[in-house]
Structures are given as C-alpha cells and as structure tokens.
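Inspection log for the structure reproduced underneath, given as structure tokens.
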Amino acid sequence: MNIADAFWYAWPWVGLGMGIVMLVLLFATDLLRGAGCPRWRDPYWLAWAAMPAYLVHQFEEYALNVVDGNYVIIEQVFANAGGILDLSALPMLHFPLVNIALVWFGVPLAAWLGRRIGNPVVALSPYGFILVNGLMHVAMTAVRGVPVALNPGFFMGSFVFVPLAVLVIVVCARGDFMRGGGIAAFLVAGAIAHGLLGAGYAMAAVGGPTGVVVLDVFAGLSPAILAWAFCRLFKVHCGDAVRPQAS
C-alpha cells in the first residue's frame, strides 16, 4: 500500500483521534472556554465543540461505512449526483479535502478568530453548515425513505448535529451577546458554505479537477469569512458579553 492509499483510509481515523483529544480539552480543561459562564452557555466553548462533533460524524460517514474497500458515501454521491451531472472530472481528492478543509481548519479558524476578535457570530458560523447537514441526513431517511445503511452519517447527523445546533440557537437567543440578526448571519453563512460543497460537483463539469480543489478549500474556510463579511456589511450586532480569557 502506497502513501496515497494509506492516507485515503487513514484520514477518518486520524480525525477520530483529534476528536478524542478535543473532547478531553473541552470537558477536562478550561483552555477553550470564555470567561464568566458555564460551558453550555459559552458561545466560544460551543464554537470549539463543533470540531469533535464533526470529526466523529466524518468517522461515521467514512470509516464505519466501507464495503469491499469502498466508501459507501462516495458510491452514493456518484449514484445520486452522477445521474444529473458529469462527474468524470471529479477528483477523488475532493472527498478527504473538503472534509479536512472544513473541520481540521475551517471550524478551528472560526472558533479561534471569533474569540480573538470578540465576535461570537464568526465563532459559531460552522453551525449553519452543521444544521443543514444534519437536517439533510434526517430528511433522506425520514422523508425520502433512504435506508439508514445507505445514509452514512445518519446517527451523528440526526442525534447530535440537529440537537447541538438547536442548543446553540437557543443559547444565542437567550443570551445578551447576539440579536436575531447575528443568529441569522451565522446560520446563513454556514448554509452557504454547505451549498458551496454541493457546487463542487457542478464545478467538476465546468471547471475540471483544479476548480474543484480550489472550491473545496474555499468552502471549508468560508463559514468564518462569510460570517465576518455579513457582520460588516449588515452591521450585525454581536456584543462581547462573554469575553475571552486573557492570554
């Protein structure tokens, strides 16, 4: 097995290891907390909590759904989108790349940057992505009737993503650090990022593999970028009632 093949099967397991480390940091230390409120009401802590949630989701989607050496989720993409779009130019790199760009880099970028500049809208921007992704998994089985075995990621998407995103919305609605416009901003930013993920399949038909790779990287980093832009463009209120701990 060469290095590329090893990476192809190893990356979800590496992510699982990262997720376990993140859970220890979140629950056994105060390193990722803001000051002055419990964990479950702290937007900065909740921002970091998105990372292990999504890392475990990726592990479920990929590592726990392998048949005859093939990832079931990739076969589903080609079976569903392949009937509509020409996916012949879609590089296999797309699948690990967009996941790594979003969760290994995009989510921590949002959490770190949001805490650094005192902007919980930016910090929580991946939750729009998480909510859309979770609802899609629910809809695939509950509405379309897709068997759970053909819906990789169903359990984390349904029973962790959706409740966690709802919790974040409730915390923001009840807190004094964000108004309705801020909630809308981070949800829309994440939803657009999820749309960019889907656009990667269309990009394969028009932009070729290079266009897909560029779009994947941008889609992964886009929640924080879009949320920051929305705050500036629409003058979104986002107070820093929960201030980061001094470094």
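Cα convex hull, the stretch 3-233: 130 Å³ per residue, rounded to a whole number. Classify the stretch 120-247 from the C-alpha gyration tensor, please: rounded if a/c falls under 1.5, else prolate or oblate depending on whether a/b exceeds b/c. The shape class here is oblate. Here the 3J(HN,Hα) profile of the stretch 155-163, calculated from phi with Karplus coefficients 6.51, -1.76 and 1.60 at θ = phi - 60°, is 5, 5, x, 7, 9, 10, 4, 5, x Hz, Gly and Pro shown as x. In this structure the amide hydrogen of residue 34, modeled in the peptide plane, comes within under 5 Å of the amide hydrogens of 44, 45, none closer than 5 places in sequence on its chain. The percentage of C-alpha pairs in the stretch 160-228 whose separation is greater than 19 Å is 46%.
Taking the Cα centre of the chain as reference, the dipole from Cβ charges on Lys and Arg (+1) and Asp and Glu (-1) amounts to some 1020 debye.
Converting phi to 3J(HN,Hα) with the Karplus coefficients 6.51, -1.76 and 1.60 and the offset θ = phi - 60°, the stretch 67-79 yields 10, 6, x, 10, 6, 4, 5, 5, 4, 5, 4, 5, 5 Hz in sequence order, with x at every glycine or proline. When the square roots of the Cα gyration tensor eigenvalues are ordered a ≥ b ≥ c, the ratio a/c for the stretch 1-128 is 1.5 or more and a/b exceeds b/c, which makes its shape prolate.
Answer rounded, prolate or oblate for the stretch 57-118, using the Cα gyration tensor with square roots of eigenvalues a ≥ b ≥ c: rounded when a/c is under 1.5, else prolate when a/b is larger than b/c, else oblate. Prolate shape, in that a/c is at least 1.5 and a/b is the bigger ratio.
Axis of helix 107-117 versus longest Cα principal axis of the chain: the two differ by about 20°, to the nearest ten degrees.
Compared with the dominant Cα axis of the chain, that is its longest principal axis, helix 43-61 is turned about 10°.
Taking the chain as a Gaussian network of alpha-carbon nodes connected by springs under 10 Å, the highest mean-square fluctuation of the residues 144, 33, 41 belongs to 144. Per residue, the chain reaches -21500 deg cm²/dmol at 222 nm when only DSSP H runs of four or more residues are counted, each adding -39500 (n - 2.57). The angle between the Cα long axis of helix 126-142 and the longest principal axis of the Cα atoms of the chain comes to about 50 degrees, rounded to the nearest 10.
Each value in this text was obtained by applying a stated rule to the coordinates, not by laboratory testing. All figures in this text were calculated on a predicted structure; none of them were measured in a lab. FYI the Cβ positions are ideal-geometry reconstructions off the backbone, even for glycines, and counts take in every protein chain you see.
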